[in-house]
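Below: the structure, in structure tokens.
The values are calculated or read from the model by the stated rules, or taken from the named source; none is laboratory data. Everything numeric in this text was worked out from a predicted model, so none of it was measured. Ideal geometry is used to build each Cβ from the backbone, glycine not excepted, and the neighbour counts take in all protein chains shown.
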Amino acid sequence: MSAIPPSPIQDALQILGRLGVAPEDLAGGDLAARTPVTGEVICRTPVLTPEAAARRIEAAHRAFLAWRRVPAPRRGELVRLFGEELRAAKSDLGRLVTLEAGKVASEGLGEVQEMIDICDFAVGLSRQLYGLTLATERPDHRMMETWHPLGVVGVISAFNFPVAVWSWNAALALVCGDAVAWKPSEKTPLTALAVQALFQRAAARFGPDAPADLCVLLQGGPEVGEVLVDHPRVPLVSATGSTRMGRQVAPRLAARFARALLELGGNNAAILAPSADLELAIRAVAFAAMGTAGQRCTTLRRLFVHESLHGEVVERLKAVYARVAIGDPREAGVLVGPLIDGAAGESMAAALSEAATEGGRVHGGERIDRPGTYVRPALVEMPSQAPVVLRETFAPILYVMSYRDLGEAIAAQNAAPQGLSSCIFTLNMREAETFLSAVGSDCGIANVNIGPSGAEIGGAFGGEKETGGGRESGSDSWKAYMRRATNTINYGDSLPLAQGVAFEV
């Protein structure tokens, strides 16, 4: 029998002390840092006024002016040292993610591993910020493309990945020569403080080439976020959150011609075809729909099952849903922890009620009587995609529907206004290739025989439509954090003009 975990408050404060968070950052503030494990307040952290936030952004801009002069491979060394600090602190930081975001232990540790992985990726990238040499029609000329640091990169992160998403942006921005200003979710301020302390350790080891205020933290509410979005020293804001938030952020950035990198809603679907490996598919669906208590942007929310398999799949999933272990996410064997807060529980209950009125048969979804907001994941048999199905509810609800042919299933999947992630389970090559083709999934992520979640840092992460169109992490996403310049050099003694233009004076 596993030992009873300590009080989450005591647990969190001890971890914060070991990670080097200053005591003054954990007392006397206006922002209540709660643990969803019990719903209790861990501590109250100070927040910035809008004026103080603006001053901190100006300080980051001054840091950028110095940092951009540091050679990119040397910048990569800072990120390498930060990765070392994360490795040393993985156990503590992962547990803090569990305590503040409610993730089960393996997911909390996995989030920190994702930070380590993106640091490794960025270190290699620091020697690969390649431009191009371009063919020119003019003799004795050379034309090339160069990339330069952009400025202060603003990052607005969400509670469900309180540290990993910041690291996707920060690691790439730092090797690109940018400074970073981070506005974390008000629901997860403690993990942000811990990461900031670890970064400062790395910067101290790196030495004076790392200017003060290279990475600044902007704790506070929406008014602090507005300062970041509106500040003229911030040419790019990467914002993760709801589509509603994106609709507020994007126009404000566009008004001052700043760049937006948006990671918004996801209403992800899976298609379970007649040839699917059911053993594999059931396991994949269970994790994708119930992992992180349904609070991933890549959570599986819609499942289209071929009519020949529908009855069997529903019965097998009902059995899995009935036996999944729910409880304190620190305990061994628990697979589903709490929702982030009571409002999330109310949203889930309202969605299930609406689904029932639309003809849905609801299995599960009950509130569990214990401190915090714990619910049993819900499996809902739906006759069709009612409005509630096409609206993302950030909770463990899986809507199951049947289909007859692949074209019908793809059309139903693509009917959602969001376009983040998707998948198909099939052993039929034609079905798999059709799903991945231009006439298949319209999402930014399309998988075969794995679920929609669990993206790796080597591939660019993001989606289309109401997901916002942004791309973070691997591939060539580094280009978002830099500005491109096209350069032409005349090393001859004449002045030929392009396109045959003549201008003799």
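Considering segment 257-363, there are no qualifying strands (runs of 3 or more DSSP E) wholly inside with 2 or more residues that are modelled with pLDDT under 95, over 23 Å from the mean Cα position of the chain (by Cα) and small (Gly, Ala, Ser). Within segment 138-150, residues that are under 15 Å from residue 499 (Cβ atoms) have Cβ atoms under 7 Å from residues that are modelled with pLDDT under 95 and surrounded by 14 or more Cβ atoms within 10 Å (Cβ to Cβ) in these pairs: 138/496; 139/496, counting only partners at least 6 apart in sequence or on another chain.
For every residue, the table says whether it meets (1) of a type in the set (Phe, Trp, Tyr); (2) in contact with a helix residue (DSSP H, G or I) (Cβ under 8 Å, 6 or more places away or on another chain); (3) in a loop (DSSP other than H, G, I, E, B).
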| position | (1), (2), (3) |
| --- | --- |
| 129 | no, yes, yes |
| 139 | no, no, yes |
| 144 | no, no, no |
| 154 | no, yes, no |
| 171 | no, yes, no |
| 181 | no, yes, no |
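Looking at 197, 204, just one residue is farther than 24 Å from residue 108 by Cα, among the aliphatic types (A, V, I, L, M), outside any loop (DSSP other than H, G, I, E, B) and out of contact with any helix residue (DSSP H, G or I) (no Cβ under 6 Å at 6 or more places or on another chain), and that residue is 204. The residues listed here are 337, 360; of these, the one that is in contact (Cβ under 8 Å) with a residue 24 or more places away in the chain, in the same structural domain as residue 418 (by TED's automatic domain parsing) and within 22 Å of residue 413 (Cβ to Cβ) is 360.
The residues listed here are 81, 16; of these, the one that is part of a helix (DSSP H, G or I), closer than 20 Å to residue 183 by Cα and either at pLDDT below 95 or in the same structural domain as residue 234 (by TED's automatic domain parsing) (or both) is 16. Being surrounded by fewer than 16 Cβ atoms within 10 Å (Cβ to Cβ) and among the basic types (Lys, Arg) is a description that does not apply to residue 34.
Note on segment 214-232: residues that are surrounded by fewer than 19 Cβ atoms within 10 Å (Cβ to Cβ) and assigned to a loop (DSSP other than H, G, I, E, B) total 2. Of all residues in segment 416-431, which are under 27 Å from residue 321 (Cα atoms), under 28 Å from the mean Cα position of the chain (by Cα) and not polar (S, T, N, Q)? Hits for segment 416-431 are 416, 419, 420, 423, 424, 425.
Report, by residue number, each residue of segment 288-322 that is farther than 26 Å from residue 98 by Cα and of a type in the set (A, V, I, L, M, F, W, C). Correct list: 303, 304, 305, 309, 313, 314, 317, 319.
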